[in-house]
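To start, the structure itself, in structure tokens.
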Amino acid sequence: MVLDDASAEGRAAAMSASPHPLPPRPAVMGPYRPDWLEKPSADDMSEFYPAHAARHDIPGKVKMTCQVKADGRLSGCRIDSETPKGEFFGEAALHLAPKFRMIPPDDLRANPGEVTVPLVFQVTEPRMTFRSDGSDARLLMQGGLIVSIVATALLAFIVLALGRYHVSATKKGSAKTP
């Protein structure tokens, strides 16, 4: 595909109008070396961490290959590998793909190429997660019911014990008075 000067100028104008203007590349960089302009934050990683894996403190790894668009954004991502299988780390990686942005090359090629992105998911701190199926609520209600039954039984035992003590103390007190 041959690009004329008008289409290259149009793309350059479109890129300069983007919400995130591109920083100038330092002259010392020399030939194009892909590097990240934007990457997902720790909060982004936590937001898309698979719920089951987070509840069970399961870490994961993903290798994702994406096309790099002229503005440095990733598109057409595919999962090359994912461990452990069945924990949905690949799906999480695909949700994170829009958070990545590479420093685009100077020549504004329509498609600068592909990039392989390795991602490591690790639970850094315990966090409270609740299942949306209601099983956590049922468990909490059952636990509360058990606590209330035990508390009622304990209270009844204390009342009976104090009642017996009071009756025996009253009998002993009335026997001593003439």
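A few notes on this one:
- Added length on full extension, which subtracts the Cα-Cα distance from 0.36 nm per residue, Q67 to K85: 4.1 nm
- Of C77, C66, the order by accessible heavy-atom surface (1.4 Å probe, DNA, RNA and ligands excluded), from most exposed downward, is C77, C66.
- Across the protein chains, with a 1.4 Å probe defining accessible surface, the residues I146, I58 rank I146, I58 from largest area downward.
- Estimated FRET transfer efficiency when R0 is 41 angstrom, pair Q142-R78 (beta carbons, to 0.05): 0.40
- Other-chain or far-sequence residues with amide H under 5 Å of V117's (modelled H): M64, T65, C66
- Highest-first packing order for the peptide set 42-49, 138-145 is 42-49, 138-145, based on the mean count of other beta carbon atoms within 10 Å.
The values are calculated or read from the model by the stated rules, or taken from the named source; none is laboratory data. Keep in mind that what you see is a predicted model, and the values were worked out from it rather than measured. In this analysis, Cβ positions are derived from the backbone assuming ideal geometry, glycine residues included, and neighbour counts consider all displayed protein chains. Quick note on the areas: whole protein, heavy atoms, side chains included, nothing else; ligands and nucleic acids left out. Shrake-Rupley method; radii C 1.70, N 1.55, O 1.52, S 1.80 Å.
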